[in-house]
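**Q** This is the structure, below, for whatever I ask next.
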Amino acid sequence: MSPVFPTVREVLALVPVRHGAPRLVAGDAGLDRPVRWVHVAEVPDIATLLGGGELVLTTGIGLPADDAGLRAFIGDLADVGVSGLVVELGRRYVSGVPRVMAAAAERRGLPLVELRRATPFVRITEAVHALIVDAQLTELRATEEIHQRFTELSVEGAEPAEVVRQAAELAGCPVVLENLSRQVLAYDPAGESAELLLDGWEQHSRRIRPAGRTAYDPDSGWLVTTVGARGQDWGRLLLRWPADAGTATPVDAATPTGATPPTRLTILIERAASTLALGRLIRRDAEGLERQIHRTLLTALIDHSRPVDEVALRAKALGVTLDRRHLVGVVVRHRADDPAEGGGPGPDAGPEAGPARLRDLAEAVGQALRDAKLTALTSAVDDQAVGALLALPDPAAEEKALAAFAAALRRVRLDADPARPPAPRPARPVDPAARTVAGGALRAADPASRPRPAGPAVIVAAGSGVGSLREARRSLVEARQVAEAARRDRRDLPYFRLPHVGLAGLLHLLRDEPRLQTFVERELGGLLAYDAQHPREQLLGTLRAYLEQGRNKSAAAAAAHLSRPAFYERLARIGRILDVDLDSVEQCLSLHVALLALDAVRTP
């Protein structure tokens, strides 16, 4: 029943009732029951005419004379759900109601009240009904204010923090907005301690499990509604209203004590959730239109499809000034497309998984640029990467701007995916392109046999800074090439630049070069042909193990899980097939470069 109705306790405090010198005889546990209406009755079978929630007034003249009849009368009233029974003394009962009636009422938790002084029932009825109507008018006014306030917030495109603040102000209660991973996105403690409110929030929130899209959890005292639109939920909005709350609030000046929140609070939290969902859709659509223009301009720079002056003019209209600025091309992409490496959609993902992942990455890049207070054109540049053209005041700001952007992007991605653990960092970072030649030893990294890359799932790559918009294409293309080359780099660098990609990166950039492919075939073609004819042996893996272990045959045999005689025999066969001396550092170096080039050619 709606909490807008007064309770039995409040009715007993009214002046017309106090005039009758009321005394509670039984059923004090039901004093907080709401009174929906007042009904005067003098017949014993009145229960069949009631619907529940009524306060029954009687003089008792028509009540049964026997104990069994009185017990049945009280039982019938309790069964139908009346709020209480008020008996005026003097006509049927002089000194008090019968004990059997009081005992039955106490047993059923039904408030039973004696009026020891004659009181016109009509005055009680008028007072209670006026209280009900006034409470309903208060409810309507509060509801109207809620709708007006949140309509204004929707029109203004208010940020989530402002919507939450307004909800807390109207409710007079703490309000929290969280994502689906139970991470707090915005909150307002409504004057209470924020530390106590948010302490251990994730664990506390997971214990709040209301039944329904909008529902109250009495165990925790939180009113909860789901936030989302178009069938895509992205969070929950929670309002704390303990079941024992008895203080009045700005939005509910007449709220009685009860087990469920006032209806107006349910309306408030649902309107706030709708405003949050609508705001997110509006911002996403607006950003989508702006991003389309950004993509058009970036594509025009890369493809030379529009005059540079036109690009500068249109960018300036978007608030991005590119003239007389130091420009730096940046490309952000996922490190891997293989789902096993955490870089792509899962094997059961639908056709929308790839575009959705790219859209999320573009949003993260845009948010990171805003957080780092950087001006840039930004959009997806292909199916896997997001590009940005930073416009900086001078070359001295380049490194600081790149570091700030990389740090902001990492924060944004962690906030968006708090369930994802941080990527483990190797104890001693190793560049797969690095090689060490000492005492005849050569170490080479093998993508086929080494562990998966341990760096973060996203790569930030930057091109060389340029001083004019006509040179911006070179910086953007270089950034995209560096991002491609860095995909196989294990290091956890904030951002990659051309000097970071090393030999493996250089070979990756040259993977489409026919002369590089010719070199690979010349160095390894015979071995590749042999492996194709003898798939069980795979001598290329033996050569990898030998070079990776620094030409230490014993260690290489153990790494290849072969006995030393068998391993030595395979090495000899490799030497005959390739016509090389595997004890020669120079020839092994050439084979190592060919292996790296082969990996680059095979990598998409």
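The values are calculated or read from the model by the stated rules, or taken from the named source; none is laboratory data. None of these values were measured; they are calculated from a predicted model. Cβ placement follows ideal geometry from the backbone for every residue including glycine, while neighbour counts extend to all protein chains displayed. Side chains included, ligands, DNA and RNA excluded: accessible areas come from the protein's heavy atoms. Shrake-Rupley method; radii C 1.70, N 1.55, O 1.52, S 1.80 Å.
**Q** Restricting region 140-190 to residues that are among the basic types (Lys, Arg) and in contact with an Asp or Glu (Cβ under 7 Å, 6 or more places away or on another chain), which is farthest from Trp201 (Cα to Cα)?
**A** Ranking the candidates gives Arg165 first.
**Q** Continuing with this model, one more query. From the list Val82, Val43, which one is crowded, with 20+ Cβ neighbours inside 10 Å, β-branched (Val, Ile, Thr) and modelled with pLDDT under 95?
**A** Only one candidate passes the filter, namely Val82.
**Q** Okay, next question. Report the residue count in region 221-242 for those that are under 16 Å from the mean Cα position of the chain (by Cα) and open to solvent by 10 Å² or more (accessible area, probe 1.4 Å).
**A** Adding up the residues that qualify gives 8.
**Q** Look at region 85-115 and say how many of its residues are within 51 Å of the chain's Cα centre (by Cα) and not in a helix (DSSP H, G or I).
**A** 3
**Q** Does region 489-545 hold any residues that are part of a loop (DSSP other than H, G, I, E, B) and within 13 Å of Ala594 (Cα to Cα), and which are they?
**A** Passing the criteria: Leu510, Arg511.
**Q** Restricting the search to region 152-172, which residues are open to solvent by 30 Å² or more (accessible area, probe 1.4 Å) and outside any helix (DSSP H, G or I)?
**A** Gly157, Glu159, Gly172
**Q** Taking the condition of being at pLDDT 70 or above, closer than 27 Å to Arg470 by Cβ and open to solvent by 60 Å² or more (accessible area, probe 1.4 Å), how many residues in region 280-299 meet it?
**A** Total meeting the criteria: 2.
**Q** Separate question: Give me the pairs: first residue in region 480-492 and in contact (Cβ under 8 Å) with a residue 60 or more places away in the chain, second residue among the polar types (S, T, N, Q), beta-carbon distance under 7 Å, and six or more apart or on different chains, which are they?
**A** Arg488/Thr603
**Q** Please tell me if Asp244 is among the acidic types (Asp, Glu) and modelled with pLDDT of 85 or more.
**A** No, not satisfied.
**Q** Starting from residues that are open to solvent by less than 40 Å² (accessible area, probe 1.4 Å) and more than 25 Å from Ala300 (Cβ to Cβ), keep the ones in region 474-494 and report whichever is nearest to the chain's Cα centre (by Cα).
**A** Among residues in region 474-494 that are open to solvent by less than 40 Å² (accessible area, probe 1.4 Å) and more than 25 Å from Ala300 (Cβ to Cβ), the one nearest to the chain's Cα centre (by Cα) is Asp492.
**Q** While we're on this one: Any residue at all in region 6-23 that is in contact with a helix residue (DSSP H, G or I) (Cβ under 6 Å, 6 or more places away or on another chain), modelled with pLDDT under 90 and open to solvent by less than 20 Å² (accessible area, probe 1.4 Å)?
**A** Within region 6-23, one or more residues are in contact with a helix residue (DSSP H, G or I) (Cβ under 6 Å, 6 or more places away or on another chain), modelled with pLDDT under 90 and open to solvent by less than 20 Å² (accessible area, probe 1.4 Å).
**Q** When residues of region 139-161 are filtered for being in contact with a helix residue (DSSP H, G or I) (Cβ under 8 Å, 6 or more places away or on another chain) and either at pLDDT 90 or above or hydrophobic (A, V, I, L, M, F, W, C) (or both), how many remain?
**A** Of the residues in region 139-161, 5 are in contact with a helix residue (DSSP H, G or I) (Cβ under 8 Å, 6 or more places away or on another chain) and either at pLDDT 90 or above or hydrophobic (A, V, I, L, M, F, W, C) (or both).
**Q** Scan Ala118, Ala135 and give me the residue that is among the small types (Gly, Ala, Ser), modelled with pLDDT under 95 and not in a helix (DSSP H, G or I).
**A** The conditions single out Ala118.
**Q** Here is a follow-up. Taking into account only those residues within region 372-408 that are β-branched (Val, Ile, Thr) and assigned to a loop (DSSP other than H, G, I, E, B), which is nearest to Val482 (Cα to Cα)?
**A** Per the criteria, the residue is Val381.
**Q** Could you tell me how many of the residues in region 209-219 are buried (at least 17 other Cβ atoms within 10 Å of the Cβ) and modelled with pLDDT under 90?
**A** So the answer is 1.
**Q** Checking Arg522 against (1) open to solvent by less than 60 Å² (accessible area, probe 1.4 Å); (2) closer than 25 Å to Arg488 by Cα; (3) more than 46 Å from the chain's Cα centre (by Cα), only one condition comes out false. Which one?
**A** Going through the list (1) open to solvent by less than 60 Å² (accessible area, probe 1.4 Å); (2) closer than 25 Å to Arg488 by Cα; (3) more than 46 Å from the chain's Cα centre (by Cα), Arg522 breaks only (1).
**Q** What pairs come up if the first residue lies in region 322-337 and is open to solvent by less than 10 Å² (accessible area, probe 1.4 Å) and assigned to a strand (DSSP E or B), the second is at pLDDT 90 or above and of a type in the set (Asp, Glu), and their beta carbons are under 9 Å apart, counting only those six or more places apart or on different chains?
**A** Matching pairs, first to second residue: Leu327/Glu471; Val328/Glu398.
**Q** Of the residues Ala597, Ala560, Ala545, which single one is closer than 30 Å to Gln384 by Cβ and of a type in the set (A, V, I, L, M)?
**A** Ala597
**Q** Output yes when any residue across region 29-37 is small (Gly, Ala, Ser) and open to solvent by 50 Å² or more (accessible area, probe 1.4 Å), and no when none is.
**A** Within region 29-37, one or more residues are small (Gly, Ala, Ser) and open to solvent by 50 Å² or more (accessible area, probe 1.4 Å).
**Q** Looking at Val601, is it under 23 Å from Arg511 (Cα atoms), surrounded by fewer than 18 Cβ atoms within 10 Å (Cβ to Cβ) and touching a residue at least 60 places away in the same chain (Cβ under 8 Å)?
**A** Yes, satisfied.
**Q** Identify, by number, the condition in (1) closer than 30 Å to Leu571 by Cβ; (2) open to solvent by 30 Å² or more (accessible area, probe 1.4 Å) that Arg544 doesn't meet.
**A** (2)
**Q** Kindly provide the set of residues from region 302-317 that are under 21 Å from Ala479 (Cβ atoms) and under 34 Å from the mean Cα position of the chain (by Cα), ordered by number.
**A** Ala315
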